[in-house]
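Here the structure comes first, spelled out in structure tokens, and everything after it is commentary.
The values are calculated or read from the model by the stated rules, or taken from the named source; none is laboratory data. Predicted model only: the values in this text are computed from it and were never measured. Note that we place each Cβ from the backbone using ideal geometry, even for glycine, and neighbour counts take in every protein chain shown.
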Amino acid sequence: MNSWAIETRGLTRQFDKKIAVDNLDLTVNSGEFFGFLGPNGAGKSTTINMLVGLLRPTKGTALIDGIDMWEEPLAAKARIGVLPEGMQLYQRLTAREYIRFAGTMYGVPKAEVAQRTEELLDLLTLTDDADKLIIDYSHGMRKKTALAAAVIHAPRVLFLDEPFEGIDAISGRIIRDVLGRLREHGTTIFFSSHILEVVERLCTRVAVIANGRLVAQGSMEELRYQAETGEETTLEELFLRAVGASSDLEAEGRLSWLR
Ligand SMILES: Nc1ncnc2c1ncn2[C@@H]1O[C@H](COP(=O)(O)OP(=O)(O)OP(=O)(O)O)[C@@H](O)[C@H]1O
Ligand SMILES: [Mg+2]
């Protein structure tokens, strides 16, 4: 019996000639806090979009709790929450309306929707602005609204595409707090991020993708130890090595007009 919360088998997506995600085999245990790393354009968002049912794979399968996202989309989607990269929110709704709408859509009972919405608004410090239209919200306020909408049904598996991007230290802490509570509740969390320090602090396991291929996967300790020296290394060093970048950041190329 399959026990993975998230599993991909040979997951592939091609855009014209570009293979954005190439034969990806990923496994995430139930209850894990899983970090998904990779340079810009590596294929992180493409992978997440295939896992959550937003983008059809060219080949391969994406499973949530053993349920195929593309064979049984309703059953699979009922188990997940998603904070996508673009955060397409209904901008003509207020945050309160939007979060309630998400709860209703996920089938949360009406009285529960109202109560959970107020608790989420409060926890995310959005209560004072809850009746403002989302179109008038700042980036961070939108992100927090999108997060509330993604978790109101207490999903078994939560996907977040760069939840900390463009977020200040206070909001970052609040978001980490919300994620921590979900984790205590048993939610599996899968998130992409460029902020290695946050990944290092939060994650139990990490995968690194480069050019659409998986180049490292394991617990933080395993990955650090995998370095060929056998010594402990930092996540930054591991990341740079895994994606084939030099940690010597002296630019080799020059800008001809800057001398
Ligand atoms: N809709 C699309 N049409 C064509 N090419 C696409 C499309 N979406 C993504 N790509 C290409 O697929 C590759 C992977 O993109 P993706 O958005 O998954 O990267 P990413 O790892 O999320 O990067 P970032 O860290 O910048 O968000 C890139 O080369 C990108 O140009
Ligand atoms: Mg992305």
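Looking across V178, V199, one residue alone is part of a helix (DSSP H, G or I) and closer than 24 Å to G43 by Cα. It is V199. One residue stands out in segment 11-60 among those that are within 12 Å of ligand 2 (Cβ to nearest atom), closer than 14 Å to F190 by Cα and among the aliphatic types (A, V, I, L, M): the one that is modelled with the highest pLDDT, namely I48. When segment 55-69 is limited to residues that are in contact (Cβ under 8 Å) with a residue 60 or more places away in the chain and not in a strand (DSSP E or B), the one that is surrounded by the fewest Cβ atoms within 10 Å (Cβ to Cβ) turns out to be G66. Candidates R92, R79: the one that is away from ligand 2 (no atom under 16 Å from the Cβ), within 28 Å of M141 (Cβ to Cβ) and in contact with an Asp or Glu (Cβ under 9 Å, 6 or more places away or on another chain) is R79. The residues in segment 103-130 that are farther than 27 Å from A169 by Cα and assigned to a helix (DSSP H, G or I) can be counted, and the count is 9.
Looking at this structure, is E71 of a type in the set (D, E), over 24 Å from N211 (Cβ atoms) and away from ligand 2 (no atom under 16 Å from the Cβ)?
When the stated conditions are applied, E71 passes them.
Can you tell me which residue in segment 1-41 is farthest from L179 (Cα to Cα), limited to those that are small (G, A, S) and within 12 Å of ligand 1 (Cβ to nearest atom)? Among those that are small (G, A, S) and within 12 Å of ligand 1 (Cβ to nearest atom), it is A20. With respect to (1) among the basic types (K, R); (2) more than 8 Å from ligand 1 (Cβ to nearest atom); (3) closer than 13 Å to R213 by Cα, the lone exception for K44 is condition (2). Filtering segment 161-218 down to residues that are among the polar types (S, T, N, Q) and within 16 Å of ligand 2 (Cβ to nearest atom), which residue is surrounded by the most Cβ atoms within 10 Å (Cβ to Cβ)? My answer is S192. Under 6 Å by Cβ, and 6 or more places apart or on different chains, what pairs join a residue from segment 160-174 that is in contact (Cβ under 8 Å) with a residue 12 or more places away in the chain and part of a strand (DSSP E or B) with one that is aromatic (F, W, Y) and within 13 Å of ligand 1 (Cβ to nearest atom)? The qualifying pairs are L160/F191.
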